[in-house]
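The values are calculated or read from the model by the stated rules, or taken from the named source; none is laboratory data. Keep in mind that what you see is a predicted model, and the values were worked out from it rather than measured. For neighbour counting, all protein chains shown are included, and Cβ atoms are generated from backbone atoms with ideal geometry for every residue, glycine included.
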Amino acid sequence: MSAPADRKWRPETRLVHAGTLRSSFNETSEALFLTQGYVYENAATAEARFKGESPGFQYSRFSNPTVTMFEQRMAALEGAQAARATATGMAAVTVALMGQLKAGDHIVAAKALFGSCRYIVEDFLPRYGIPCTLVDGADLDQWRKAVRPNTKTFFIESPTNPTLDVIDIAAVAKIAHDGGATLVVDNVFATPLFQSPLALGADCVVYSATKHIDGQGRCLGGVVLGSEEFIQNNVQTLIRQTGPSLSPFNAWVLLKGLETLTVRVREQTRSAAIVADTLAGHPKVTRVIYPGRADHPQAELVKRQMSGASNLIAFDVAGGKAGAFRFQDALRLVRISNNLGDAKSLITHPATTTHQRLTPDQRAELGIGEGLVRLSVGLEHVDDIVEDLVAALAAV
Ligand SMILES: *Cc1c(COP(=O)(O)O)cnc(C)c1O
């Protein structure tokens, strides 16, 4: 197996070449190593491998060449020293947090989180003696006041789901570090192309690779990235011993997805900007939230922290829940689905789907009204997307 020489490639190039390991057949495309284990030349090699004295693969719960290629390509894209792949985005979040925490520690998280992430910090970790303080992520004073002597880590997502609020990653990282804590950032909505949390001071970045990295609605996957030290201390052993591992087949699909990530996400983002402007001028739309627009509440921070706005738009449809439902049901091209980052344009009504577990008060606090929908703009022709949205709005 050989890896190409490490060069200072631009992201587009890294996404096509970085991490490639070629077998003795010198295949062009990355090979799919659908194997559970590896055979050793002799007993002494097996012993050395288990002692960590001989490099090489042992068992696909914790290392597999196809998974390694995906991890190395992700690390090269993110500018991280190390990466570990997981079976899903939620496994990545769980591993990144649980790997650092033990009973008696404390975590601070922003309130606005992907539904399952909020479950992890609010319901799951406290069961193991790890209390959580939820704060308004944009309010730096709340972060400062939430720090306790036993605070071990901060957890945020930015832009947030579904209201696309942006959190000042550098400022929150500084507060975390001043308090002796780390910062973990769920970077799904920004994508690795448009925001680099590690460069802004975060200690760990997590992705659901299910979203833009696959980008074609096929496989679940996740990845945790950070310094060699962070991954070795917090992530590697937990994955090895508990097994939330990515399958080689899914790693192969995601690896091939990375090759086209820039082309897909840039095109989707170009279309999203046009869609957002169209929606903003429509009488049946009462509010549009898109980080690429000058009227985004944190437009200045977006400019400072992100190099693009991504393909997600949130907007309020006139007429509350009834209006939002009529609108969704009248769509012919855009499909109703809670997924995002797909080649197909997808729309969801967070109050009745992804965020239905929250109380109406909790939703109101997050700005998730009854008329709010979240649109993930796909790869269809932008004129077809706009025509579908405008025709469906006429039904409201
Ligand atoms: C989808 C998503 C997750 C969870 O990822 P899965 O692959 O579905 O487990 C976590 N965070 C964010 C922001 C997401 O969009």
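Pairs meeting the criteria (first residue in the stretch 293-315 and assigned by TED's automatic domain parsing to the domain that holds ILE169 and crowded, with 18+ Cβ neighbours inside 10 Å, second residue of a type in the set (Phe, Trp, Tyr) and modelled with pLDDT under 95, beta carbons under 9 Å, at least 6 apart or on different chains) are lacking.
Could you check how many residues of the stretch 338-360 are outside any loop (DSSP other than H, G, I, E, B), modelled with pLDDT of 95 or more and not hydrophobic (A, V, I, L, M, F, W, C)? Full working, then the answer.
Step one: of the stretch 338-360, the residues outside any loop (DSSP other than H, G, I, E, B) are 346-348, 350-352, 360.
Then keep just the ones that are modelled with pLDDT of 95 or more; that gives 346-348, 350-352.
Among the residues that remain, those that are also not hydrophobic (A, V, I, L, M, F, W, C) are: 348, 350, 352.
Count: 3.
Given the structure, is ARG73 buried (at least 18 other Cβ atoms within 10 Å of the Cβ) and not assigned by TED's automatic domain parsing to the domain that holds ASP295? Against the criterion (buried (at least 18 other Cβ atoms within 10 Å of the Cβ) and not assigned by TED's automatic domain parsing to the domain that holds ASP295), ARG73 qualifies. Listed by position, the strands (runs of 3 or more DSSP E) inside the stretch 73-145 whose residues that are within 16 Å of the ligand (Cβ to nearest atom) number at least 2 are 82-86, 106-110. When each of ALA202, ALA170 is tested for being surrounded by fewer than 23 Cβ atoms within 10 Å (Cβ to Cβ), away from the ligand (no atom under 13 Å from the Cβ), of a type in the set (A, V, I, L, M, F, W, C) and at pLDDT 95 or above, the lone residue that passes is ALA170.
Looking at GLU53, GLU71, GLU27, can you tell me which residue is charged (D, E, K, R) and under 22 Å from VAL184 (Cα atoms)? Talk me through it step by step, then tell me what you get.
On the way: GLU53 fails: under 22 Å from VAL184 (Cα atoms); GLU27 fails: under 22 Å from VAL184 (Cα atoms).
From the options GLU53, GLU71, GLU27, the qualifying one is GLU71.
Quick one: in the stretch 96-116, of everything that is at pLDDT 95 or above and surrounded by 24 or more Cβ atoms within 10 Å (Cβ to Cβ), which residue is farthest from LEU366 (Cα to Cα)? Only one residue tops the list, namely ALA96.
Does ILE368 meet the test of being surrounded by 16 or more Cβ atoms within 10 Å (Cβ to Cβ), within 25 Å of the chain's Cα centre (by Cα) and assigned to a helix (DSSP H, G or I)? In short, no.
Here GLY221 fulfils each of the conditions (1) closer than 30 Å to ASP316 by Cα; (2) touching a residue at least 40 places away in the same chain (Cβ under 8 Å) apart from (1). Might you check whether a residue that is assigned by TED's automatic domain parsing to the domain that holds VAL166 and on the phi > 0 side of the Ramachandran plot occurs anywhere in the stretch 92-112? Yes.
Take the residues of the stretch 146-167 that are of a type in the set (D, E, K, R) and not in a loop (DSSP other than H, G, I, E, B): which is nearest to the ligand (Cβ to nearest atom)?
First, the residues of the stretch 146-167 that are of a type in the set (D, E, K, R): 148, 152, 157, 165.
Those still in the list that are not in a loop (DSSP other than H, G, I, E, B) too: 152, 157.
Values: LYS152: 20, GLU157: 5 Å.
Here the answer is GLU157.
Taking the stretch 93-134 as the range and being in contact with a strand residue (DSSP E or B) (Cβ under 9 Å, 6 or more places away or on another chain), touching a residue at least 40 places away in the same chain (Cβ under 8 Å) and over 27 Å from THR359 (Cα atoms) as the test, the residues that pass are VAL95, ALA96, GLY99, GLN100, LEU101, ASP105.
At least 2 residues that are among the hydroxyl-bearing types (Ser, Thr, Tyr) in each: list the helices (runs of 4 or more DSSP H) lying fully within the stretch 187-296 that qualify. Write out each step before concluding.
Working: elements: 191-194, 237-242, 248-259, 261-280.
Fully inside the stretch 187-296 and qualifying: 237-242, 261-280.
Residues of the stretch 316-338 that are in contact (Cβ under 8 Å) with a residue 60 or more places away in the chain and touching a Lys or Arg at 6+ places or on another chain (Cβ under 6 Å): ALA318 alone. For the stretch 27-72, name all the residues that are in a loop (DSSP other than H, G, I, E, B), within 31 Å of the chain's Cα centre (by Cα) and of a type in the set (Ser, Thr, Tyr). If the condition is that a residue be in a loop (DSSP other than H, G, I, E, B), within 31 Å of the chain's Cα centre (by Cα) and of a type in the set (Ser, Thr, Tyr), then THR28, SER29, THR35, SER60, SER63 are the ones that fit.
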